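Since the structure comes first, as structure tokens, the remarks are kept for the end.
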Ligand SMILES: Cc1ncc(COP(=O)(O)O)c(C=O)c1O
């Protein structure tokens, strides 16, 4: 009855089952995995947001497959405050970054074509690839005083079917930026092999130690840069994201014309959100300040709790909301995560969620409210 592409293992895993049981128990949970900013106690300007959604202009329907011009202007202004020039004709609005990925995969890949993805990284790609009939081929990142792309392995992974390389910039959960020299090499590799760069920049603004340059003006090869307000303004429920296309002029124009047809087929964005886009993007300053302040406080709490605990370490972070902990690999990380949940009320993600190639890694969210973070961490470090 069903297509092979949806032939997924639909059974929940042991950790998800344990979490479900914990929720039913009613016990307090120290959730060190939180990634939903609307549930972390951040302050939003509710009156301004609600006001922006209630404009009479939202009662009119003026469909534009690339998104309303006023909303695209707001995205252009976002980049110009970061020092990047983007033309509104090179932007296409979507409901989410995931939708933007789908559009790009439909544009670039025939069934069975391949895309290179980083590992470790964010766990959404497998489903996106299945839905779009694309095969994912992993290229390794390695850690040596910070994270780097294994460019040799990346080149070895290229086949005649490779259509592009995905970069998460900064990456989730490793929190590192693609370096300028890596970008130059990637541009050379991609343009020599008719491959595009797909840069996911949802965490671009949340910098701690180093600022990263957006790919939005990358010209070295056909480039799709995506982001959205789910992270930038902490408003995932509003469903507003975008895709910017850059690169050699003729290829860019062809890509945009084809993307426009894909977008026109769905016209998935609604008018109220597009009308509110300038204000929703303006909210980012207050939101980002709160996030970065919390991330810094939690990071310093983490470092002080790690003092004297030589068997644990945390990996360097340049940006983002997550920290990667190195722990002794004496048993599967998943087993430890289940024990922490069942016996100590602490929930976190084992490294294999993000495709860490070996045991001994845990990922914790740095936007967890401070008190829960501190107590959850104390429990974790005394039991791991
Ligand atoms: C790296 C990365 N890209 C994209 C997304 C999803 O963004 P959106 O809500 O715009 O689909 C996430 C969500 O956590 C993410 O971590």
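The values are calculated or read from the model by the stated rules, or taken from the named source; none is laboratory data. Quick caveat, the model's predicted, so the values are computed rather than measured. Please note: Cβ atoms are built from the backbone with ideal geometry, for glycine as well, and neighbour counts cover all protein chains shown.
The residues of the stretch 219-259 that are part of a loop (DSSP other than H, G, I, E, B), more than 16 Å from the ligand (Cβ to nearest atom) and surrounded by fewer than 21 Cβ atoms within 10 Å (Cβ to Cβ), listed by number, are 219, 220, 248. Has the stretch 78-89 got any residue that is in contact with a helix residue (DSSP H, G or I) (Cβ under 7 Å, 6 or more places away or on another chain), within 15 Å of the ligand (Cβ to nearest atom) and touching a residue at least 60 places away in the same chain (Cβ under 8 Å)? Within the stretch 78-89 (the criterion being in contact with a helix residue (DSSP H, G or I) (Cβ under 7 Å, 6 or more places away or on another chain), within 15 Å of the ligand (Cβ to nearest atom) and touching a residue at least 60 places away in the same chain (Cβ under 8 Å)), the answer is yes, since at least one residue qualifies.
Among the residues here, residue 324 qualifies as touching a residue at least 12 places away in the same chain (Cβ under 8 Å) and surrounded by 22 or more Cβ atoms within 10 Å (Cβ to Cβ).
Taken over the stretch 108-127, the criterion of being under 18 Å from residue 196 (Cβ atoms), crowded, with 20+ Cβ neighbours inside 10 Å and either at pLDDT 95 or above or away from the ligand (no atom under 13 Å from the Cβ) (or both) is satisfied by 108, 109, 114, 115, 116, 117, 118, 121.
If you take the residues of the stretch 49-66 that are part of a helix (DSSP H, G or I) and in contact with a helix residue (DSSP H, G or I) (Cβ under 6 Å, 6 or more places away or on another chain), which of them is surrounded by the most Cβ atoms within 10 Å (Cβ to Cβ)? If we take residues in the stretch 49-66 being part of a helix (DSSP H, G or I) and in contact with a helix residue (DSSP H, G or I) (Cβ under 6 Å, 6 or more places away or on another chain), then 52 is surrounded by the most Cβ atoms within 10 Å (Cβ to Cβ). Taken together, 52, 57, 71, 100 contain a single residue that is within 16 Å of the ligand (Cβ to nearest atom), over 26 Å from residue 172 (Cα atoms) and touching a residue at least 40 places away in the same chain (Cβ under 8 Å), which is 71. If the condition is being more than 30 Å from residue 349 (Cα to Cα) and surrounded by fewer than 17 Cβ atoms within 10 Å (Cβ to Cβ), then the stretch 162-184 contributes 180, 181, 184.
Being touching a residue at least 24 places away in the same chain (Cβ under 8 Å) and more than 10 Å from the ligand (Cβ to nearest atom) is a description that applies to residue 189. In the set 178, 183, 174, only one residue is away from the ligand (no atom under 16 Å from the Cβ), over 22 Å from residue 257 (Cα atoms) and touching a strand residue (DSSP E or B) at 6+ places or on another chain (Cβ under 9 Å); that residue is 183. Scanning the stretch 337-384 for residues that are in a helix (DSSP H, G or I) and under 21 Å from residue 121 (Cα atoms) gives 337, 351, 352, 353, 354.
Anything in the stretch 286-317 that is under 18 Å from residue 234 (Cα atoms) and free of Cβ contacts under 8 Å to residues at least 60 places away in the same chain? List them, or say none. Result: 289, 293. Looking across the stretch 192-216, the residues that are assigned to a loop (DSSP other than H, G, I, E, B), more than 11 Å from the ligand (Cβ to nearest atom) and out of contact with any helix residue (DSSP H, G or I) (no Cβ under 8 Å at 6 or more places or on another chain) come down to 193, 194, 209, 210, 211, 212. Total residues in the stretch 261-276 satisfying the condition of being part of a helix (DSSP H, G or I) and in contact with a strand residue (DSSP E or B) (Cβ under 8 Å, 6 or more places away or on another chain): the figure is 2.
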